[in-house]
Amino acid sequence: MAHAGGRFALVVAALFALACAALPVAAQSAAAPPGPAWQQIKRTHDALDQQGVDLSGWVQLDGSTVAAGGQPNPLGFDGQYLIDLTATIDTAKLLHLPGGTVMLDGQSHSGPSILTHQFPALQDPDNMDAYSETSLDRAWYQQNLWKQRVQMQVGLMYVDDQFFTVPYGGNFVSLDFSSDASVSTFLLPTFPKGSFGGDVQVAASKSLTFSGGAYNDHSTELPYDPGGVLYLTEEAWQSHWHGRPWKLQLGGWRDTGRFVRFAGGAQHHAAGAYAVASSKLWHPKGSQDRGVGMFVQFGTAPPAVANVRSHIGAGLVWTGPWARRPHDEIGAAFSDSLLTHESNFRRGYENEVELYYQMHAFRGLTIQPDMEFWQHPSGGAAPNTILALTRIMYTF
């Protein structure tokens with residue numbers, strides 16, 4: 001694993017390379033035709049696309065510092081990178097099998113950042129933070145049937161790509177607002193390791209869908225392997241109110257594993273529930289993409305074995321705050337995690353407030369300054385803390 005201080009130079013070099021890679025893309029739309037090398041790459045990409053093979057990827061750089069509070073550490077700033085490459089195959093074009101999709105996704109990650117050691121929060125302040133690893137993290141097959149009314153998926157997946165999703169929450173740096181903290185801090189198999197399993201989604205009507213799934217449980221948060229199967233179900237309603245979309249998701253989960261109780265002994269099985277409500281609150285006339293969206297989320301977990309017994313979060317996202325910047329975003333969110341009484345927390349809750357501004361600098365390149373305030377991290381294990389982060393992402 002690279003030392004955190006040594007990664008600083010790596011991040012600076014990667015930032016420079018990222019800017020150099022983005023500038024030709026921005027210039028291409030404005031001026032000279034692309035050179036021979038770029039033309040060859042484009043021809044190869046187009047030829048694969050005609051055969052149903054789409055290649056894509058992204059590079060993400062996160063820089064972070066503990067601006068106030070936290071644990072003492074001589075390193076003031078740290079960074080980490082994530083490289084993701086994806087191949088998506090349309091089986092109708094390649095294999096003459098209608099309705100099928102194959103996805104292969106590999107990642108190389110440089111983590112962890114100083115937040116792992118300097119900031120002992122229960123919830124994840126950076127949804128990218130993990131230990132260094134290069135692996136195939138997702139590999140699945142998806143089949144649509146009966147005019148896409150039924151969708152089946154099997155393989156190596158992220159569970160929170162299918163369940164616990166939070167509309168308008170995906171661009172927050174903290175994991176709290178793109179998943180549910182009551183289960184993501186407990187047993188949810190999530191980044192950076194996919195989980196083997198499968199799920200089925202049935203569209204009963206245009207506004208109502210039912211989903212169910214089963215996955216191998218290998219928690220990325222627990223210090224032990226429960227050794228069970230995670231079963232989930234979710235019902236989702238979505239429609240429009242006065243021309244603005246809304247969605248309501250209600251879900252439940254049950255894990256068949258064996259869990260260590262805080263009071264001693266073991267508990268077989270664990271279960272919980274969650275809900276997510278989201279809606280577009282406002283958009284300017286003539287622009288459906290811009291406007292203000294909101295979400296509210298709630299989740300529970302068993303307090304005998306889970307640190308977070310319940311979680312509630314809410315957020316607002318303003319897309320295109322200015323007509324000249326239609327793709328920029330401003331986000332603000334609040335998270336409140338109630339902690340179990342059966343463990344030795346000094347405080348009974350852990351709160352977070354996050355603010356960000358995401359700027360689309362060039363085509364495919366976003367720069368996102370981010371600020372997080374944490375109250376009673378790990379139930380008072382560390383003082384109240386302010387984190388300053390910057391996320392830079394280039395998609396190609």
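The residues T44, T340, T91, T385, when put in order of fewest to most other Cβ atoms within 10 Å, stand as T44, T91, T340, T385.
Distances longer than 34 Å among the Cα atoms of the stretch 4-395: what percent of all pairs is that?
Distances greater than 34 Å cover 32 percent of the Cα pairs.
If only the Cβ of Lys and Arg carry +1 and only the Cβ of Asp and Glu carry -1, the dipole of the chain around its Cα centre is close to 920 debye. Ranked by how many other Cβ atoms sit within 10 Å of their own Cβ, fewest first, the residues I41, I386 fall in the order I41, I386. Of the residues W38, W140, W246, the one that moves most in a GNM of the chain with alpha-carbon contacts below 10 Å is W38. Mean sequence separation of contacting Cα pairs (under 8 Å, at least six apart), scaled by the length of the chain, corresponds to a relative contact order of 14 percent. Scoring 354-365, 120-131 by mean Cβ neighbours within 10 Å over their residues and listing the highest first yields 120-131, 354-365. Between P303, P245, P192, the GNM of the chain built on Cα springs shorter than 10 angstrom shows P245 fluctuating the most. Within the same chain, lysines fewer than 8 places from K193 are excluded, and of the rest, none has a Cα less than 24 Å from its Cα. Straight Cα distances below 19 angstrom link K206 to the lysines K147, K247, K280, with same-chain residues fewer than 8 positions distant left out.
For the chain, a Gaussian network of Cα nodes joined below 10 Å ranks A263, A139, A68 by mean-square fluctuation, and the top entry is A263.
Within the stretch 58-72, which residues have the backbone N less than 15 Å from the label spot 7 Å out from A388 along Cα→beta-carbon, could you tell me? What the label zone holds, given the 15 Å backbone N cut-off, is 63-70.
Sorted fewest first by neighbouring Cβ atoms within 10 angstrom, H45, H376, H283 come out as H45, H283, H376.
A protection proxy built from the mean count of other Cβ atoms within 10 Å ranks the segments 105-111, 308-314, most packed first, as 308-314, 105-111.
By per-residue mean of other Cβ atoms within 10 Å, what is the highest-first order of 154-164, 50-60?
Top to bottom by mean Cβ count within 10 Å: 154-164, 50-60.
The stretch between E342 and D161, if pulled fully straight at 0.36 nm per residue, gains 62.0 nm over its current Cα-Cα span.
Express in nm, to one decimal, how much length is gained between Y141 and R258 on full extension, taking 0.36 nm for each residue of separation and deducting their alpha carbon distance. Provide the component values of the computation, followed by the final result.
Numbers: separation 117, 0.36 × 117 = 42.12 nm, distance 3.00 nm.
That pair, Y141 and R258, stretches by 39.1 nm at full extension.
The phi-based Karplus calculation (6.51 cos²θ - 1.76 cosθ + 1.60; θ = phi - 60°) puts the 3J(HN,Hα) values of the stretch 102-109 at 10, 10, 10, 9, x, 9, 10, 10 Hz, whole numbers, x for Gly and Pro.
Quick note: the coordinates plus some simple rules give every number you see, no bench work behind them. Every value quoted in this text rests on a predicted model; they were computed, and no experiment measured them. Because the Cβ atoms are built from the backbone with ideal geometry, glycine has one as well, and the counts that use them run over all protein chains shown.
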